[in-house]
Amino acid sequence: MPRSASWHTPLCSSPRALRPWLTERGSLTARLIAHFPDFSVRVCVQTSSRAHADEQRPIALARRTTRAEAREVLLLSGETPLVFAHSVLQPAALRGGFRPIGRLGNASLGSFLFATPTIRRSPLAWRQIDARHPLWRKAAQHVADLPARLWARRSLFFAGHDRLLVTEVFLPPAFSAPAAPTARQYPDR
């Protein structure tokens, strides 16, 4: 993934309780399921929309094209939001290597990505976001009383030449959640 001024690798200072969640290289969904037995996925939106400025280059949108396919979900423990996840890809990728994403419904994206051996993942990148970032504002539409700054991570997934950018914004309950065993110790879901 191209480096930008705002997304960092390696991880800069972060809250100790959140660091294991931010650095999980396996399926975040599998790790959440291991820690939160009442885990579920709620689709907020799945639509064609304008890609955010910092997403266009990573998913290789042509200079004059800003339209992308986006999927936004809340990862929940019961009714408590843990993570706001935003995925974006070129429209053509839904006819290619990422075709199953269009049919996921309330299934987790990780259930597809980590079960498909031909999909590769870039290193993780992290940053804190605030109300100036569009994903903070989108998370605020679904979660009341967000703190001024939230930690987020993102990475690219590759299926052949197709690219999918996944950004996960960690919501306040995740800050205090003790780290569960890593997802690598659990089957991918």
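Coordinate-derived values only; no laboratory data. Keep in mind that what you see is a predicted model, and the values were worked out from it rather than measured. As a convention, Cβ positions derive from the backbone with ideal geometry for all residues, glycine included, and neighbour counts pool all protein chains shown.
According to a simple spin-label model (label point 7 Å from Cα along Cα-to-Cβ), what is the distance in nm between Ser49 and Ala148?
The modelled label-to-label distance comes out at 2.6 nm.
Pick from Arg64, Arg149, Arg132: which residue has the top mean-square fluctuation in a GNM of the chain where Cα pairs under 10 Å get a spring?
Answer for the Gaussian network model of the chain: Arg64.
Using only the Cα atoms of the range 19-177, what are the Rg and Dmax in Å?
Considering the range 19-177 through its Cα atoms, Rg and Dmax are 14.8, 45 Å.
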